[in-house]
1. Quick one: count up the residues across the range 92-139 that are touching a Ser or Thr at 6+ places or on another chain (Cβ under 9 Å), more than 15 Å from ligand 2 (Cβ to nearest atom) and in a helix (DSSP H, G or I).
2. Consider Asn217 carefully, then state whether it is within 16 Å of ligand 2 (Cβ to nearest atom) and either aliphatic (A, V, I, L, M) or touching a residue at least 60 places away in the same chain (Cβ under 8 Å) (or both).
3. Out of Ile328, Ile385, Ile371, I need the residue that is more than 30 Å from the chain's Cα centre (by Cα) and in the same structural domain as Gly271 (by TED's automatic domain parsing). Which one?
4. Can you tell me which residue is farthest from ligand 1 (Cβ to nearest atom) among those in the range 184-213 that are basic (Lys, Arg) and surrounded by fewer than 18 Cβ atoms within 10 Å (Cβ to Cβ)?
5. Of the numbered conditions (1) surrounded by fewer than 22 Cβ atoms within 10 Å (Cβ to Cβ); (2) more than 16 Å from ligand 2 (Cβ to nearest atom); (3) under 24 Å from Arg49 (Cβ atoms), Glu147 fails exactly one; give the number of that condition.
6. Quick one: would you say Val181 is of a type outside the set (Ser, Thr, Tyr), within 16 Å of ligand 2 (Cβ to nearest atom), crowded, with 16+ Cβ neighbours inside 10 Å and within 19 Å of the chain's Cα centre (by Cα)?
7. Considering only the range 61-86, how many residues are away from ligand 2 (no atom under 16 Å from the Cβ) and surrounded by fewer than 22 Cβ atoms within 10 Å (Cβ to Cβ)?
8. Would you be able to say whether some residue in the range 359-370 is in contact with a Phe, Trp or Tyr (Cβ under 7 Å, 6 or more places away or on another chain), at pLDDT 85 or above, in a loop (DSSP other than H, G, I, E, B) and farther than 24 Å from Pro267 by Cα?
Amino acid sequence: MAGIRVEDIAKSILSGETDDKILSQLAQSRRQQKVFKLEIRFNPHEMQRAFLESPSRFRIVCAGRRGGKTMGCVADEVRFAWEHPKSRCFWVAPVYQQTMRAFRMMVDFLPPKVITRIERTDRRLWLVNEAMIEFRSATDYENLRGEGIDFLVIDEAAYVAREAWEASLRPALADRMGRAVIISTPRGRGWFYELWQRGAARNDLFMASFRFPTSANPYIPREEIEQARETLPADVFQQEFEACFLEESAGVFRGIDKCIKGEIEYPSPDGNYVIGLDLARTTDYTVAVVMETGRKHVVYMDRFTKCDWQTQIERVAALSRRYNNALILMDSTGVGDPILSEIDARGLEVEGYTFTNQSKRALIEGLVLAIEKGGITYPHMEALISELRVYEYEISTTSNAVHYSAPSGFNDDCVIALALATYQSDNTWVRERVKR
Ligand SMILES: Nc1ncnc2c1ncn2[C@@H]1O[C@H](COP(=O)(O)OP(=O)(O)O)[C@@H](O)[C@H]1O
Ligand SMILES: [Mg+2]
């Protein structure tokens, strides 16, 4: 095969030239295709095989964390693109970081000579057969509208907005009768659950559903799963590892909706307020949550990004003044005393909370309890509520430790600011009672 570039063969096939040389090249390229196929080293486990071999146009796969959903679909999309010259394939995930993981996996999967072009900024891959694979995050789902899609994967679909599917992606599959694999760990009973139900009921060429636990993946050590079973609350384990659709999504916080009450409130002259503050470091947001300490109601939340320290401090100081010189409790990990003293210098009361694994855990567990018991309330603040919903347990694979954090690509600034405000409200409350 020496001296023949696969790209040239592809071009000549497309230009419709049919002389003998081209035909022999074509035969050769066919042989090469076979070679390429063999080079994609992927041996699906039994449950992956079940959905990969299904001929259904829409396949809905609900599986435990690390069950092999992403890898299975990466292999599937590669296969489809390879077998369908000029096809337009999409990979959609809730956030940018997740699309990048699939992107890298795919580049690893494909023999280099199959890829003719990689557009890293637009996250597009072009194959020698002119098939294109494009990676998009669903954060801005208006951007997903567009021309026909032949093959679509939606990864972690339960974290993707219903509108992204219904208004953008589903219609884009219509004109070319595109196929879709929609995969996720379960999370409550949203559109992913509805679709999964429909697929399970139909189980035909149009749509079929699949479900398997993490333990179906033989590449995950048993001990890791057992450890998770022991350390996690039962419902979280059921949802995340056993792939059960629970009635209310299991997460760190339970009872989030019950705490949504009341409105944003202007400062009242005799109100006692505290502020929980999480300053932006590099890429995230600065969030200040103002809480009235008597009813423990969140009366206001300020959330902004892309400011220098000085501007951030000014803005928070102004907020504190507005709310009767509200005492500020801030996450002082890593930023240290200078920032504290700057706020202090403006005549405001400020205290720092340093995060260690343990102190963070205590802080979050305080908030878990407050929300579960309905001990705090907040108005319908979209950013805050969605952060609370996706907040996660993370089980270390090297130690038994359980950490709390936002899933990769999501923010937790609102959660931290709310936890700090709740903690400070408790303290202020105690102090006042002691005073009396
Ligand atoms: N068929 C397979 N062969 C080898 N490793 C696999 C296979 N399926 C999954 N894995 C490995 O299992 C882990 C979890 O797979 P992944 O696809 O990321 O799971 P999920 O998307 O369900 O969370 C990854 O490290 C992946 O490499
Ligand atoms: Mg995955």
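1. Of the residues in the range 92-139, 0 are touching a Ser or Thr at 6+ places or on another chain (Cβ under 9 Å), more than 15 Å from ligand 2 (Cβ to nearest atom) and in a helix (DSSP H, G or I).
2. yes
3. None of the other options fit; the residue is Ile328.
4. Arg202
5. It is condition (3) that Glu147 fails.
6. Taking the combined requirement at face value, the residue satisfies it.
7. Of the residues in that region, 7 qualify.
8. no
The values are calculated or read from the model by the stated rules, or taken from the named source; none is laboratory data. Given the structure is predicted, the values throughout are model-derived calculations rather than measurements. Heads up, the Cβs are rebuilt from the backbone with ideal geometry, glycines too, and the neighbour counts pull from every protein chain shown.
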